[in-house]
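First up is the structure itself, then whatever we jot down about it.
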Amino acid sequence: MNTRSLKLIREVLINSGKWTSLEISQDSIYLQFRDVELGTPRADESFSLAVRFAEDSFFTAFYSNIWDIDFMSKYDFKNHLLSEEFKFNIKEVKFIDFEYLNTFFYNFKKEKSVSVVEDFDIHNIRSDFFMIIETDEIGIVVGGNQMDFFSPFERLDDASLRELSNQWMLYFLKYHQKRNLIKDPMCENHPLKPKK
């Protein structure tokens, strides 16, 4: 993914996106997001995006209250396995931003990391890619030497990501052109919503 695509990923996540699951399986880490601004909605599904990190992957949670990262208590250190569902509203998303990462060391009291790399140190990230997510409760950093994005139907590249983003924007514009008996909270709460 190029830099423009990573900025687009940020944009589709921060307006109404929610981080809803974490799966760690050996050296792969999957993050699942819902209510992202990609594609055209269908009655039987929600907008979703999955991000996968692999090859020397790591996951670090920054927190002030241990109960906010209760989902990590189920991590199987022996087999490197975890599969948890939850719901965190997203405040900010950044990619490969060391300056923003440094704010987590001051804004949160503690950190907890898991990685297959034995000498992993969050203060000395050596991975090619990492993603920073801040929620109201916690901050996370997840990374690895491989990063992939998936919609429910396909692996995303720069062109398919742009296409899905354009589809959502057309849906958003059509939604506001007509009277809607069924309200879509993603469209109603969007910063580009037309003023009445």
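The values are calculated or read from the model by the stated rules, or taken from the named source; none is laboratory data. Because the structure is a prediction, the values reported are computed rather than measured. Methodologically, a virtual Cβ is constructed for each residue, glycine included, from the backbone with ideal geometry; neighbour enumeration extends over all protein chains shown. In case anyone asks, the SASA skips ligands and DNA or RNA and just uses the protein heavy atoms, side chains included. Shrake-Rupley method; radii C 1.70, N 1.55, O 1.52, S 1.80 Å.
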Just one listed residue, out of Lys193, Lys183, Lys178, Lys174, is modelled with pLDDT under 90, of a type in the set (D, E, K, R) and touching a Cys at 6+ places or on another chain (Cβ under 8 Å), and it is Lys193
Enumeration of residues in the stretch 39-78 that are of a type in the set (S, T, N, Q) and without any contact (Cβ under 8 Å) to a residue 40 or more places away in the chain: Ser46, Ser73
Just to check your reading of the model, which residue among Phe129, Phe105, Phe86, Phe120 is farther than 24 Å from Thr40 by Cα, open to solvent by 20 Å² or more (accessible area, probe 1.4 Å), aromatic (Phe, Trp, Tyr) and in contact with a helix residue (DSSP H, G or I) (Cβ under 8 Å, 6 or more places away or on another chain)? Phe86
Residues located in the stretch 26-60, provided they are closer than 15 Å to Met147 by Cα and of a type in the set (S, T, N, Q): Ser28, Gln32, Ser57
Exactly one condition in (1) surrounded by 13 or more Cβ atoms within 10 Å (Cβ to Cβ); (2) more than 14 Å from the chain's Cα centre (by Cα); (3) more than 15 Å from Leu49 (Cβ to Cβ) is not met by Leu156; state its number. (3)
Need the failing condition index for Phe95 against (1) without any contact (Cβ under 8 Å) to a residue 60 or more places away in the chain; (2) under 30 Å from Leu156 (Cα atoms); (3) surrounded by 17 or more Cβ atoms within 10 Å (Cβ to Cβ), just the number. (1)
Neighbours by Cβ (under 7 Å, 6+ apart or cross-chain): first from the stretch 148-171, over 19 Å from Leu192 (Cβ atoms) and at pLDDT below 90; second part of a strand (DSSP E or B) and open to solvent by less than 50 Å² (accessible area, probe 1.4 Å): Ser151/Leu49; Pro152/Ser48
Every listed condition ((1) open to solvent by 20 Å² or more (accessible area, probe 1.4 Å); (2) within 21 Å of Leu8 (Cα to Cα)) holds for Lys178 save (2)
Spot the failing condition for Val36; the list is (1) farther than 22 Å from Pro152 by Cβ; (2) open to solvent by less than 40 Å² (accessible area, probe 1.4 Å); (3) free of Cβ contacts under 8 Å to residues at least 60 places away in the same chain, and only one is missed. (1)
Can you pull out the residues in the stretch 57-72 that are under 15 Å from Ile138 (Cα atoms) and either of a type in the set (Phe, Trp, Tyr) or open to solvent by 50 Å² or more (accessible area, probe 1.4 Å) (or both)? Phe59, Phe62, Tyr63, Ser64, Asn65, Ile66, Trp67, Asp70, Phe71
So which residues in the stretch 96-146 are within 20 Å of Asp68 (Cβ to Cβ) and of a type in the set (S, T, N, Q)? Thr103, Asn107, Ser113, Thr135
Return the residues of the stretch 1-52 that are under 18 Å from Arg162 (Cα atoms), out of contact with any His (no Cβ under 9 Å at 6 or more places or on another chain) and either in a loop (DSSP other than H, G, I, E, B) or acidic (Asp, Glu) (or both); say none if nothing qualifies. Met1, Asn2, Glu11, Gly17, Asp35, Val36, Leu38, Gly39, Thr40, Pro41, Phe47
